[in-house]
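Let me begin by presenting the structure, written as structure tokens, before commenting on it.
All of the numbers you see were taken from the coordinates with simple rules; none came from a lab. None of these values were measured; they are calculated from a predicted model. Cβ atoms come from the backbone with ideal geometry, glycine included; neighbour counts cover every protein chain shown.
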Protein chains: 2
Amino acid sequence: MSARALPYRPHNHDACVSQALSDARAICQQQSARLTPTRERVLELVWQSHKPLGAYDVLAKLTAEGHNAAPPTVYRALDFLQQHGLVHRIASLNAFIGCAHVGEHHTGMFLICRVCGNVLELTDASVSTAIRNAAGAEVFRAEAVTLEVAGVCPGCQTEPNHE
Amino acid sequence: MSARALPYRPHNHDACVSQALSDARAICQQQSARLTPTRERVLELVWQSHKPLGAYDVLAKLTAEGHNAAPPTVYRALDFLQQHGLVHRIASLNAFIGCAHVGEHHTGMFLICRVCGNVLELTDASVSTAIRNAAGAEVFRAEAVTLEVAGVCPGCQTEPNHE
DNA sequence: TGTGCAACTGTTATAATGTTGCACTTTTTT
DNA sequence: AAAAAAGTGCAACATTATAACAGTTGCACA
């Protein structure tokens, strides 16, 4: 639950993954939730990059490594992981990404690069506040916020057609 | 392009629809875009309520009225309407809703009531600014914002299980 | 006035994404 | 150890979206 590397900067991504896994174990322990082998493996696959992965991509990877999986296997694991705040679903892409802010109660904001496909998750208090106020002004009781910004990340603004 | 009724308040909804259609005609004229009969009919169907409508719901309604339609018919019409800012896609619902702020260049924010299903579209300068600043701080060039808030509308907070 | 191009439409087929229901196994609780 | 709860495998199916291609219509311009 420490600081994270920026998706589009070269970094030791194995560290991201092992951090994510150890965070996940801690969270599940704390919530007495069962991080079974399938669930853990799905989380690991989702974390293989900073690009969101479709459920069927996860399924294909599981199948490739000999796991006898069907769509419900994957969706159930992803549901579990979402419920425990370990992955997020990116609605505009129908895809899933590892949560970079496990444990923080947050309204995530996702910056999605349409060139390289990487996604940066961030939390910004003034955004959350502005949204909460705008909803409040309509006497609307907000429960869940989907905030996804598509555009071009710093890396791809200069250096076109990146990885 | 005048003020609109609140979705969850009783109102003369026919006025919403005819306003939307006349706005659409004006916009298309101005952009020399062709608001063909199919497109106009789809727009009208989407405007039949303040609840988002799935593409296949639109298709069913077209079919019911004898139009010989297939999925591409609907998706093409919806794409056209989206491109001209006449409808929005609600990514978290895979559904479409008439745009309540035609002509304004806007970053819409959608308040989606999970009880009655109505959606209120609004624009809020401080939300837009906060999002723009947060993206800017990451040197991210934002192009499109998806902002959808699920929760409970004023009507459904008191009076449960509304229409 | 026709003729050629671009935009639009119809149709079939298929792809991609997500869910239901049920039998069976494993884990936890008592 | 038995009962209950949670998790898994599996088959079928439901929903959402797109591809490819042929035919048609509207419009600019010779």
Loop only by DSSP, 15 or fewer other Cβ within 10 Å of the Cβ. Give me the trypsin sites (Lys or Arg not before Pro) in segment B:30-91 that pass, ordered by residue number.
B:R34
Karplus-derived 3J(HN,Hα) from phi for segment B:36-49 (6.51 cos²θ - 1.76 cosθ + 1.60, θ = phi - 60°), whole Hz, x at Gly and Pro, runs 6, x, 4, 4, 5, 5, 5, 4, 4, 5, 5, 7, 4, 8
Amide H to amide H under 5 Å from A:G85: which residues, 5+ apart in sequence or cross-chain, H placed 1.01 Å off N in plane?
none
Could you pull the Cα extents of the protein assembly as shown along its three principal axes, largest to smallest, in whole Å?
57, 49, 43
Set of aspartates and glutamates with alpha-carbon distance to B:K61 below 17 Å, sequence-local pairs under 8 removed
B:E40, B:E44
Volume per residue of the C-alpha convex hull in segment A:13-157, rounded to whole Å³
130 Å³
Determine one quarter of the surface area of the Cα convex hull of segment A:17-85, which equals its mean projected area, and express it in nm² to one decimal.
4.3 nm²
For segment A:59-70, Karplus-derived ³J(HN,Hα) couplings (6.51, -1.76, 1.60; θ = phi - 60°; whole Hz; x for glycine and proline) come out as 4, 4, 5, 4, 4, 4, 9, x, 6, 8, 10, 10
Given the options B:G103, B:Q83, A:H11, identify the residue whose Cα lies farthest towards the positive end of the charge dipole of the protein assembly as shown (+1 on Cβ of Lys, Arg; -1 on Cβ of Asp, Glu).
B:Q83
Relative contact order, percent, of segment A:13-157 when contacts are C-alpha pairs under 8 Å separated by at least 6 residues?
21 percent
Would you mind counting up the charge near B:S92? Only other residues with Cβ under 15 Å from its Cβ, with Lys and Arg at +1 and Asp and Glu at -1.
0
Tabulate in residue order the Karplus-calculated ³J(HN,Hα) for segment B:136-152, using 6.51 cos²θ - 1.76 cosθ + 1.60 with θ = phi - 60°, rounded to whole Hz; enter x for Gly and Pro.
x, 4, 9, 6, 9, 8, 6, 10, 8, 10, 10, 9, 10, 10, 8, x, 10
Out of A:E143, A:E40, A:E104, any idea which swings most in a Gaussian network model of chain A, alpha carbons joined below 10 Å?
A:E143
Segment A:64-163 - charge dipole about Cα centre, Lys and Arg +1 at Cβ, Asp and Glu -1, debye rounded to 20
220 debye
As a footprinting exposure proxy, order B:D57, B:D14 by other Cβ within 10 Å, with the fewest listed first.
B:D14, B:D57
Using a Förster distance of 35 angstrom, determine the FRET efficiency expected from the C-beta separation of A:T36 and A:R9, and round it to 0.05.
0.60
